[in-house]
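Participant: Dumping the structure here so I can ask a few things about it.
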Amino acid sequence: MGMIKAAIGDAIITFLWVFCASTLGIFTSIISKYVGVDSGNNIGATLLITTLLVCVLVFIFNWIGDILGGASFNPTGSASFYAAGLGPDNLFSLALRFPAQTLGAMGGTLAILEVVPQKYKHMLGGPSLKVDVHTGAIAEGVLTFIISFAVLFIILRGPANSLLKTWMLSMTTVALVVAGSGYTGPSMNPANAFGWAYIRNNHNTWEQFYVYWICPFVGAILAAWVFRAIFPPPPSKQKKA
């Protein structure tokens, strides 16, 4: 029952995340125009606005995740914490959570396309491959490795202040999205990538599976192993007889 509840929580939070995160570009554009920032000529200010929005979103979703009992909206995040030996998951629970996250992402994608005003629909679209398949796969794997390692480090070894942690996570995310924008979108989240691929009807292709599923999972698991090698858990204390 606990595994089913966790999977339902994942579906809900992934639905909400994909729905909300898809509007970041739209709200960045609206706020930039409101404060008189030309997004084309003042990239620094635009990125600052985006980072602030991401920070607010991450803070809210951390709170939602806690309410839902530790729900997660990213399959590679769940995989990296499992590979690092953290959290209550096992292979069976992950086998339930991944499809739930994917279904939630599909729902969030369909919902945002239904409600967003027509004049902003051109700003939606999700991640897409902009280079050859192998280059894209490597890029997605490397980016997911970096974000997975950063999340583990910031959460487990970072500052105690939760707001500072959230800001660090937000800056890292935005930096990697900018770095990968010319390669894969990027996604660094297989469920999110699947949701948008489903809309484009290319969700069942080898390219989609290779670039947005296999390589991100490889990157996330490698990041967890590297993290454990650099920061091994303290040895468990055994009671003396």
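The values are calculated or read from the model by the stated rules, or taken from the named source; none is laboratory data. Worth saying up front: this structure is predicted, and the values here are computed from it rather than measured. Counting neighbours? That spans all protein chains shown, and the Cβs are built from the backbone with ideal geometry, glycine included. Keep in mind that these areas ignore ligands, DNA and RNA; they rest on the heavy atoms of the full protein, side chains included. Shrake-Rupley method; radii C 1.70, N 1.55, O 1.52, S 1.80 Å.
Participant: Checking the conditions here, which among L57, L52, L86 is assigned to a loop (DSSP other than H, G, I, E, B) and of a type outside the set (F, W, Y)?
Facilitator: The unique qualifying residue is L86.
Participant: Only residues in region 1-17 that are β-branched (V, I, T) count as the first member; pair them with residues that are open to solvent by less than 60 Å² (accessible area, probe 1.4 Å) and not in a helix (DSSP H, G or I), Cβ under 6 angstrom, at least 6 apart or cross-chain, and list the lot.
Facilitator: So the pair list comes out as I13/L68; I13/A71; I13/F73; T14/F73.
A quick yes/no check of all residues on (1) hydroxyl-bearing (S, T, Y); (2) under 15 Å from the mean Cα position of the chain (by Cα); (3) buried (at least 18 other Cβ atoms within 10 Å of the Cβ); (4) closer than 24 Å to A6 by Cα:
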| residue | (1), (2), (3), (4) |
| --- | --- |
| F81 | no, yes, yes, yes |
| L86 | no, no, no, yes |
| M106 | no, yes, yes, yes |
| A137 | no, no, yes, no |
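Yes/no matrix, rows are residues, columns are (1) among the β-branched types (V, I, T); (2) open to solvent by 30 Å² or more (accessible area, probe 1.4 Å); (3) farther than 19 Å from A21 by Cβ:
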position: R157; (1), (2), (3): no, yes, yes
position: S162; (1), (2), (3): no, yes, yes
position: A175; (1), (2), (3): no, yes, no
position: W196; (1), (2), (3): no, no, no
position: N202; (1), (2), (3): no, yes, yes
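Participant: Return the pairs, sorted by first residue and then second, in which the second residue is small (G, A, S), the first residue lies in region 129-141 and is over 13 Å from S187 (Cα atoms), the beta carbons are less than 9 Å apart, and the residues are 6+ apart or on different chains.
Facilitator: That search, which allows pairs on different chains as well, returns V131/A139; V131/G182.
Participant: Still on this structure, I have one more. Yes or no: T144 open to solvent by less than 20 Å² (accessible area, probe 1.4 Å), among the polar types (S, T, N, Q), assigned to a helix (DSSP H, G or I) and touching a Gly at 6+ places or on another chain (Cβ under 6 Å)?
Facilitator: Judged against the criteria, T144 is a match.
Participant: Here is a further query. Being part of a loop (DSSP other than H, G, I, E, B) and either more than 19 Å from the chain's Cα centre (by Cα) or over 16 Å from G195 (Cβ atoms) (or both) is the filter here; which residues of region 108-129 pass it?
Facilitator: Matches in region 108-129: V116, P117.
Participant: Also, quick follow-up: Would you call V37 part of a helix (DSSP H, G or I) and not acidic (D, E)?
Facilitator: Considered against the rule, which asks whether it is part of a helix (DSSP H, G or I) and not acidic (D, E), V37 comes out as no.
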